[in-house]
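The values are calculated or read from the model by the stated rules, or taken from the named source; none is laboratory data. If you're wondering where the values come from, they're calculated on a predicted model, not measured in any experiment. Backbone-built Cβ (ideal geometry, glycine too); neighbour counts: all protein chains shown. When the accessible area is computed, the model is the full protein with side chains, heavy atoms only, and any ligands, DNA or RNA have been set aside. Shrake-Rupley method; radii C 1.70, N 1.55, O 1.52, S 1.80 Å.
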Amino acid sequence: MTASKRGAKLQQPGVTRRSLLKGSATAALLAAAKSLVPGGASVAWAAGPETTKAVLGYIALTDAAPLIVAKEKGLFAKYGLPDVEVAKQASWGATRDNLVLGSDANGIDGAHILTPMPYLMSVGKVTQNNVPVPMHILARLNYDCQGISVAKEYEGLKIGADASALKEAFARKKAEGKDVKVAMTFPGGTHDLWLRYWLAAGGIDPDKDVSTIVVPPPQMVANMKVGNMDAFCVGEPWNEQLVNQGIGFTACTTGEIWSRHPEKALGMRAAWVDKNPAAARALLMAVMDAQQWCEKLENKAELAAILGKRQWFNVPPADIIGRIKGDINYGRGRKEAGTNLLMKFWEDGAVSYPFKSHDAWFVTEDIRWGKFEPGTDVKALVDKVNREDIWREAATALGVTAPASTSRGKETFFDGKVFDPDNPTAYLASLAITRLAA
């Protein structure tokens, strides 16, 4: 797509002949809109989406599948948005920068994104000159199936979800004057937080005992191959590819740290959502439709083939298929088939629904590591960014039952720590390694 096309102004609201010809999609949107208010009275989005276009970014990670499938299967068009573009981003930093721009300035309107990023952007923690860029989370894209991988030189150690065996090995390497480097994909993002939680639970301080570096997901395997890192945390298919190439092994999947944990989100610029509320709902409906398709076991082989295409990931489907089915090849001769550690996309809508309690954990962990101030009002920030209300409207339109509460309740981690979303302070106080003053 040319810069001039990408920067073109969005279509103004109004019912055009083209929008009326959407057929069943427009009819569904009209019926859904009427179902949301007493007596079927008209609402602002009953006329259909205000625009047929949005530019969505994605990183080459399996959890971008709902956006890619929605594009490949014509689901955006089905819900009245035929001109949605799904554009590859080089890194999470590039995703952030393009979200700051917006599509009117040749950037993007939304993205497959690390759940904490919309929070960090909304308060200007990771943007140039700390200028806030208000963002909204509309849905969760997946649960589980990220991985923590370790270099082959450590394969003789007993390392799993318990990382404590690395503490002495890392200390010995540092004593020899060598750097110990661990990689994640974006400071304060999900992979950073999984890696930090794993290290800290094993008694390793992620800021003092190792050097933490940022590497884009598709570059993880190549960097470990040339010895640039000792461990990394990233999504698939890169952990699987590392094992398939014999370069390292998977210590654990992140589902072994926190079972059925939230991961990526559908994040949109708040300005785009505010300008195009009907289009935002239609976009969300397409993504939710795609999530249901991705969840079905009979579609896994086709899903792996789609993602592996040159224009999307450009990787062999064999690097994708195993872990989306729950077949985990950890390396070191360990293989587990049919586990519940597969990537989850739907589960009757429970995966897709953006629980506010989950976002509260991410904000709290970023307080733990100094990304947010200790006095941050977690609830107020989550209420500002998380738009689960839009998800509920889209769910009603699709005939999907929404969770009864915005909280999934207390969450328990593999090391016995408990996060109560109603008391983040108590959780922080229970942690031995933090950046918070004693």
Can you name the condition, by its number, that K384 falls short on among (1) open to solvent by less than 70 Å² (accessible area, probe 1.4 Å); (2) under 19 Å from the mean Cα position of the chain (by Cα)? (1)
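If a residue must be open to solvent by 10 Å² or more (accessible area, probe 1.4 Å) and either of a type in the set (S, T, N, Q) or touching a residue at least 12 places away in the same chain (Cβ under 8 Å) (or both), how many such residues does region 98-130 contain?
Matching residues across region 98-130 total 12.
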Just name the residue that is farthest from A397 (Cα to Cα) out of those in region 265-285 that are assigned to a strand (DSSP E or B) and of a type outside the set (G, A, S). R269
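From the list G93, G74, which one is open to solvent by 10 Å² or more (accessible area, probe 1.4 Å) and without any contact (Cβ under 8 Å) to a residue 24 or more places away in the chain?
That would be G74, the only listed residue that is open to solvent by 10 Å² or more (accessible area, probe 1.4 Å) and without any contact (Cβ under 8 Å) to a residue 24 or more places away in the chain.
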Take E256 and decide whether it is among the charged types (D, E, K, R), within 24 Å of G333 (Cα to Cα), under 18 Å from the mean Cα position of the chain (by Cα) and open to solvent by 20 Å² or more (accessible area, probe 1.4 Å). yes
Tabulated pairs, region 202-228, first of a type in the set (D, E, K, R), second part of a loop (DSSP other than H, G, I, E, B), C-beta under 6 angstrom, 6+ apart or interchain: D205/I433; K225/I247
Restricting the search to region 389-423, which residues are in contact (Cβ under 8 Å) with a residue 60 or more places away in the chain, within 28 Å of P277 (Cβ to Cβ) and either touching a Pro at 6+ places or on another chain (Cβ under 7 Å) or in a loop (DSSP other than H, G, I, E, B) (or both)? W391, V400, P421
Go through (1) among the charged types (D, E, K, R); (2) under 26 Å from F414 (Cβ atoms); (3) open to solvent by 10 Å² or more (accessible area, probe 1.4 Å) and name the single condition E298 misses. (2)
Residues of region 162-191 satisfying the condition of being assigned to a loop (DSSP other than H, G, I, E, B), without any contact (Cβ under 8 Å) to a residue 60 or more places away in the chain and either small (G, A, S) or open to solvent by less than 60 Å² (accessible area, probe 1.4 Å) (or both): S164, G177, V180
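Look through E411, E393 and report the one residue that is closer than 18 Å to R368 by Cα, surrounded by 15 or more Cβ atoms within 10 Å (Cβ to Cβ) and not basic (K, R).
E411
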